[in-house]
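Below is one structure, written out as structure tokens; the observations come after it.
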Amino acid sequence: MAKLKISEDWWTAPSEDKDGRTVLVTGRRALDNVIATRRYVFRVEITWLYEPDKGGMPDFATSRTMETVTDAMQEALRRDPVAVMTGIYTGAGERNWVFYAVTLKAFQSFVNSALGSIDEQLPLTFHAEEDPDWEEYREMCQCEIAREE
């Protein structure tokens, strides 16, 4: 069986939360082939609450650790695509990573493996639910600013 090709094409655009605060949305393009497999049915969100600066963003040290976490998770998923990271939201005092996973047990193993080498305790919370039609992903994609040709 051929290995599933997962796009590495990302975009970032500003958006607002329900209180009008700026949130940077980073989304992954071109995942129709992944959606079509109907295998990735669980949406999992990992949230990191942080003390925001005046603009709602994390301080430099927190931001660097968040990028280390992002890189570790993406590298682990390149080796074993039990989930697909589809979006990252940053602003208003929180960072949210959004994934679609094959199973919750496989996702838990992935997180433990990916983040096991990070030396500090991370303030992460998790939320999971079934989303076989990728509704959150489709809604997030509406935030993308059209590219000028």
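The values are calculated or read from the model by the stated rules, or taken from the named source; none is laboratory data. These numbers were taken from a predicted model, which means no experiment stands behind them. Glycine also receives a Cβ, built like all others from the backbone with ideal geometry; neighbour counts cover every protein chain displayed.
Here is a check on your reading of the model: is G20 at pLDDT below 95, on the phi > 0 side of the Ramachandran plot, in a loop (DSSP other than H, G, I, E, B) and not charged (D, E, K, R)? Even if it seems obvious, please write down each step before you answer.
Values: at pLDDT below 95: yes; on the phi > 0 side of the Ramachandran plot: yes; in a loop (DSSP other than H, G, I, E, B): yes; not charged (D, E, K, R): yes.
Yes.
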Quiz item: Inside the stretch 1-17, can you point out the residues that are part of a loop (DSSP other than H, G, I, E, B) and of a type in the set (G, A, S)?
Solution: A2, S7
Quiz item: Within the stretch 27-53, which residues are part of a helix (DSSP H, G or I) and either closer than 14 Å to F99 by Cα or in contact with a strand residue (DSSP E or B) (Cβ under 8 Å, 6 or more places away or on another chain) (or both)?
Solution: V34, I35
Quiz item: Could you say which residue among A92, A72, A61, A76 is among the aliphatic types (A, V, I, L, M) and under 23 Å from S15 (Cα atoms)?
Solution: A92
Practice problem: Could you check the stretch 68-149 for strands (runs of 3 or more DSSP E) lying wholly inside it with 1 or more residues that are out of contact with any Asp or Glu (no Cβ under 9 Å at 6 or more places or on another chain) and among the small types (G, A, S)? | Solution: 83-91, 94-101
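Among the residues of the stretch 99-122, which ones are among the aliphatic types (A, V, I, L, M) and under 25 Å from W134 (Cα atoms)? Give the steps one after another, and end with the answer.
Looking only at the stretch 99-122, we keep the residues that are among the aliphatic types (A, V, I, L, M), and these are 101-102, 104, 106, 111, 114-115, 118, 122.
If the condition is that a residue be among the aliphatic types (A, V, I, L, M) and under 25 Å from W134 (Cα atoms), then A101, V102, L104, A106, V111, A114 are the ones that fit.
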Practice problem: Kindly indicate the residue of the stretch 41-80 that is surrounded by fewer than 11 Cβ atoms within 10 Å (Cβ to Cβ) and of a type in the set (G, A, S) and also farthest from E135 (Cα to Cα) among those meeting that condition. | Solution: A61
